[in-house]
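The values are calculated or read from the model by the stated rules, or taken from the named source; none is laboratory data. Predicted model only: the values in this text are computed from it and were never measured. Every residue, glycine among them, receives a Cβ derived from its backbone with ideal geometry; neighbour counts consider all protein chains shown.
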């Protein structure tokens with residue numbers, strides 16, 4: 001009750017600020033500030049620094065990956081361009097080779113056709129000559145037979161045949177001009 005006379009003297013009607021309580025509040029604040037800085041501020045700052053370092057590292061890795069991706073993209077584009085050029089060159093060489101092969105095949109076919117045509121002409125000429133020789137032979141035989149019947153006696157077939165062959169040889173140019 002030692003404070004009772006102090007309280008009785010004044011009855012505050014508004015907000016009263018006591019210097020004792022202000023001083024106690026300041027001391028409490030400073031002690032709390034010291035404790036917070038000593039035991040909490042350091043771990044919080046180190047945690048924040050670690051997180052900032054991880055974020056910086058992640059950003060650097062992201063930037064590095066972006067640069068690497070751009071570099072790989074350029075290399076891929078370059079490789080694709082080279083592949084396209086090589087494919088075009090291969091296609092062009094293949095086309096030229098195919099055209100050359102086709103021209104070679106056409107030339108061989110033409111040579112083969114000419115050879116077959118010449119062989120056909122030679123065969124036809126040979127058959128023609130054989131048929132003509134056979135026809136001459138038969139004609140000579142018939143003429144000898146007809147002459148022997150007309151004359152009523154036997155004619156020497158070899159002499160007569162030689163005479164007919166000579167006549168046919170002399171008449172052959174005239175016969176070929178008419179046909």
Flag for residue 71 being in a helix (DSSP H, G or I), at pLDDT 85 or above and surrounded by 10 or more Cβ atoms within 10 Å (Cβ to Cβ): yes
Hey, residue 87 under 36 Å from the mean Cα position of the chain (by Cα) and at negative phi or not: yes
